[in-house]
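Here is the structure we will look at, set down as structure tokens.
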2 protein chains.
Amino acid sequence: MEALDERKAAILRAIVEQYVASAVPVGSATVTRTADLSVSAATVRNDMATLEREGFIAQPHTSAGRVPTDRGYRYYVDHLAGATLLAATERRRIAEFFTSATMAMDELLLQTSHLLARVSAHAAVVVGPQTEAVVVRGAQLVRLQPRVLLAVVILSNGSVEKQAVALAADASEQDVAIASARLAELLDGKRLAELRDVPTGPEDAAAALVRQSWDALQARRDPSHGEPLYVGGASHLAAEQEAFTGTTVSHLIELLEQHVVMASLLRELLGPGLTVRIGSENARADLQECSIVLAPYLVEGEPIGTVGVLGPTRMDYRKAQAAVTAISQQLGRQLSP
Amino acid sequence: MEALDERKAAILRAIVEQYVASAVPVGSATVTRTADLSVSAATVRNDMATLEREGFIAQPHTSAGRVPTDRGYRYYVDHLAGATLLAATERRRIAEFFTSATMAMDELLLQTSHLLARVSAHAAVVVGPQTEAVVVRGAQLVRLQPRVLLAVVILSNGSVEKQAVALAADASEQDVAIASARLAELLDGKRLAELRDVPTGPEDAAAALVRQSWDALQARRDPSHGEPLYVGGASHLAAEQEAFTGTTVSHLIELLEQHVVMASLLRELLGPGLTVRIGSENARADLQECSIVLAPYLVEGEPIGTVGVLGPTRMDYRKAQAAVTAISQQLGRQLSP
DNA sequence: GCTGGCACTCGATAGGCTTGAGTGCCAATG
DNA sequence: CATTGGCACTCAAGCCTATCGAGTGCCAGC
């Protein structure tokens, strides 16, 4: 992609920002009024013709103004939307939230997704941390049904992993208690990532229960099981209804409710830093009119989860990027030991 | 409310069912075609004029067909929409879900809300059980931050209650461990409803921690803290957009995301059996165009939670009632010991 | 009490016209 | 040679009008 000269860049920027603000195709007159270019509308028109030829903007129909293409948004995001700070009130809101947030991990992440939705004015997602690095602080087996146990593992970050264990045979109350104690002893203080090798010990009835629970917990680590996902502010999508023609808001909200699908989508997209995916850059057909802005949050330099927003391609990328950046940093700091 | 004679009732029923199916005001000709009345359209017109005078139906404008009023829907629900069974495929889907559902309580309730949304084709809510009657199977204190502990209480139904405990003073790792063990001993085997009296014991550093955790857990029982609420199928609201004029879909979805508000709303509405709230029967201004169908689910004859659907007043009440009834019964059975 | 007939109403649809925002092109200009 | 004012052109949106038809209310007759 060739670089644009300064004036064309300024024109593109004006078109993007004006269109995002007004949702109406932008004409040359509006550009000269908005951007401080000190050239005439005719000159702007010539440049706009070039920009269109190069695929940065498009006309919905002859005799209408220009609208940014996905490529135009891409150039804007890459070259024109330099890092911005959020408004002071938003920054304060975020700071307040995180200083007063003393809830457990899952509640914290859910509330964070709502905060991000509020700040960015778009639907927001938060993917919970991989629990690999977290230390087990307690484990317990609870009977749910005659032949179903529930293995509960309490982690040092306050989150709780639960996994149903279907039993091959009946088990006495006593054996469950023994197995529960033994499992607790096995897991306590370990990191979940270490749970690779099969436990050994006396081969009695309780051992069978321990082994089955162990296997169930192992299976849970399979990524297809899905990381925990929290969604906030889906209502924003409904408010942006006019922005979607090819797909329905209803379908997008449905997509957000399919946590497994969303989680794997986000996992694929995630890069080392702030990532922006614009419209047709998304592989999925139902996201052709959507943009996703996401970033990992880091604890001790390691990415342990993701925050992001989902909105129409016609979104305020500066604000979205600023919001995602701010929240990811604050969340990472919050979770750092 | 006076009762309608048989023919007027049949006409009202035809109007409601036709309008629900087509979303178009229903005229006398359509009624004669749909309902098997063996009277002419003119006769139907006369009756429709009466029904309108009595407030069961209304004309959007002269020379249009009739639309049921909230009162018309109410009469339909009370007298004309006798109990129906769901379609066989839906019944099978529900049965399959519950026989194969071996997940923990919270996951089960979340999945149930999705199932209900699917079966009813409306947004669905499930309010989690009051945990009063459930027995504690384990308890533990985990340090989240230097001055914040997390009290984790595992319940016999597989759900986990978590409560952050803000400490008044620093606490050593050892004291936390002691307090954790003591708390576990105090709570184990008790029902949460029994946690009324303050624990007594040696007055050392650990005792202070136990007391603070105890108080925090007590505070949690305050209903304003909100029962757990699970929402599924909010996307259906977006699909029903045309049905809402006074309020926006966006706002309704936002409402569903405010779990505390929704939970208290549902608590107010809940009756001993199936409850239907139609349009203006709802106090809230933003629900004037919505109907809510809800029912408690029972364990050992006691209502322990709520399931319900939220949709436009123009909804298929028979289907909604059948779905809510079926799911509430199945869920109650599933949770019965 | 029911019915067929009939005049009437009024939203929806379609066509025709005007308006105006916006474009592309061009000749003139510094 | 980039810039500019001018100008002809295009085309969606808005508005008006006419037409259509679904649906009603009323009435006289059975």
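The values are calculated or read from the model by the stated rules, or taken from the named source; none is laboratory data. These numbers come from a predicted model, not from an experiment. No Cβ is skipped: glycine too gets one built from the backbone with ideal geometry, and neighbour counts run over all protein chains shown.
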Listed by first then second residue, the pairs whose first member lies in the range B:61-73 and is more than 13 Å from DNA strand D (Cβ to nearest atom), whose partner is modelled with pLDDT of 95 or more and polar (S, T, N, Q), with beta carbons under 7 Å and at least 6 positions apart or on separate chains, are B:Asp70/B:Ser280; B:Asp70/B:Thr313; B:Tyr73/B:Thr313
Failed item, numbered, when A:Ser180 is tested on (1) more than 14 Å from chain B (Cβ to nearest Cβ); (2) more than 22 Å from B:Gln334 (Cα to Cα); (3) at pLDDT 80 or above; (4) more than 33 Å from the chain's Cα centre (by Cα):
(1)
Have a look at B:Ser100, B:Ser120 and point out the one that is polar (S, T, N, Q) and without any contact (Cβ under 8 Å) to a residue 24 or more places away in the chain.
B:Ser100
Does A:Ala81 meet the test of being in contact with a helix residue (DSSP H, G or I) (Cβ under 6 Å, 6 or more places away or on another chain) and more than 14 Å from chain B (Cβ to nearest Cβ)?
yes
Within the range B:7-23, identify whether any single residue is outside any helix (DSSP H, G or I) and either within 15 Å of DNA strand D (Cβ to nearest atom) or loosely packed, with under 13 Cβ neighbours inside 10 Å (or both), and answer yes or no.
yes
Check whether at least one residue in the range B:289-310 is among the small types (Gly, Ala, Ser) and more than 19 Å from B:Val126 (Cβ to Cβ), and report yes or no.
yes
Any residue in the range B:49-65 that is under 26 Å from the mean Cα position of the chain (by Cα) and either at pLDDT 95 or above or among the aliphatic types (A, V, I, L, M) (or both)?
no
All-but-one check, A:Leu12 against (1) under 19 Å from A:Ala81 (Cβ atoms); (2) without any contact (Cβ under 8 Å) to a residue 40 or more places away in the chain, failing number (2)
Just one of the numbered conditions (1) more than 13 Å from chain A (Cβ to nearest Cβ); (2) at pLDDT below 85; (3) farther than 21 Å from B:Glu107 by Cα is not true of B:Arg211; which one?
(2)
Out of (1) farther than 15 Å from B:Leu4 by Cβ; (2) more than 10 Å from DNA strand D (Cβ to nearest atom); (3) touching a Ser or Thr at 6+ places or on another chain (Cβ under 7 Å); (4) without any contact (Cβ under 8 Å) to a residue 40 or more places away in the chain, the odd one out for B:Ala88 is which?
(3)
Restricting attention to the range B:268-280, which residues are surrounded by fewer than 17 Cβ atoms within 10 Å (Cβ to Cβ) and either farther than 21 Å from B:Ile304 by Cα or among the aromatic types (Phe, Trp, Tyr) (or both)?
B:Ser280
Whether any residue in the range B:260-267 is out of contact with any Asp or Glu (no Cβ under 8 Å at 6 or more places or on another chain), crowded, with 20+ Cβ neighbours inside 10 Å and within 12 Å of chain A (Cβ to nearest Cβ) is what I want to check.
no
Output the residues belonging to the range A:265-285 that are assigned to a helix (DSSP H, G or I) and farther than 16 Å from A:Pro312 by Cα.
A:Leu265, A:Leu266, A:Arg267, A:Glu268, A:Leu269
For the range B:230-259, give me each residue that is more than 10 Å from chain A (Cβ to nearest Cβ) and at pLDDT 95 or above.
B:Tyr230
In this structure, does B:Val134 turn out to be more than 16 Å from DNA strand D (Cβ to nearest atom) and within 14 Å of chain A (Cβ to nearest Cβ)?
yes
Have a look at B:Val153, B:Val125 and point out the one that is in contact with a Ser or Thr (Cβ under 7 Å, 6 or more places away or on another chain) and either more than 9 Å from chain A (Cβ to nearest Cβ) or not basic (Lys, Arg) (or both).
B:Val125
So, B:Leu141, is that one at the interface with chain A (Cβ under 10 Å from one of its Cβ atoms) and closer than 20 Å to B:Gln218 by Cα or not?
yes
Run B:Ala322 past the list (1) crowded, with 19+ Cβ neighbours inside 10 Å; (2) away from chain A (no Cβ under 14 Å); (3) in a helix (DSSP H, G or I); (4) at pLDDT below 95 and report the number of the one that doesn't hold.
(4)
For the range B:28-55, pairs from a residue that is in contact (Cβ under 8 Å) with a residue 12 or more places away in the chain and more than 9 Å from B:Ala14 (Cβ to Cβ) to a residue that is within 9 Å of DNA strand D (Cβ to nearest atom) and basic (Lys, Arg), with Cβ under 6 Å and 6 or more apart or across chains, are B:Ser28/B:Arg45; B:Met48/B:Arg66
Name the residues in the range B:32-49 that are over 16 Å from B:Val16 (Cα atoms) and either surrounded by fewer than 13 Cβ atoms within 10 Å (Cβ to Cβ) or near DNA strand D (Cβ under 10 Å from one of its atoms) (or both), would you?
B:Ser38, B:Ser40, B:Ala41, B:Ala42, B:Thr43, B:Asn46
Tally up the residues in the range B:85-101 that are β-branched (Val, Ile, Thr) and exposed (fewer than 13 other Cβ atoms within 10 Å of the Cβ), please.
2
Considering only residues that are of a type outside the set (Lys, Arg) and in a strand (DSSP E or B), look in the range B:24-66 and name the one that is farthest from DNA strand C (Cβ to nearest atom).
B:Ile57
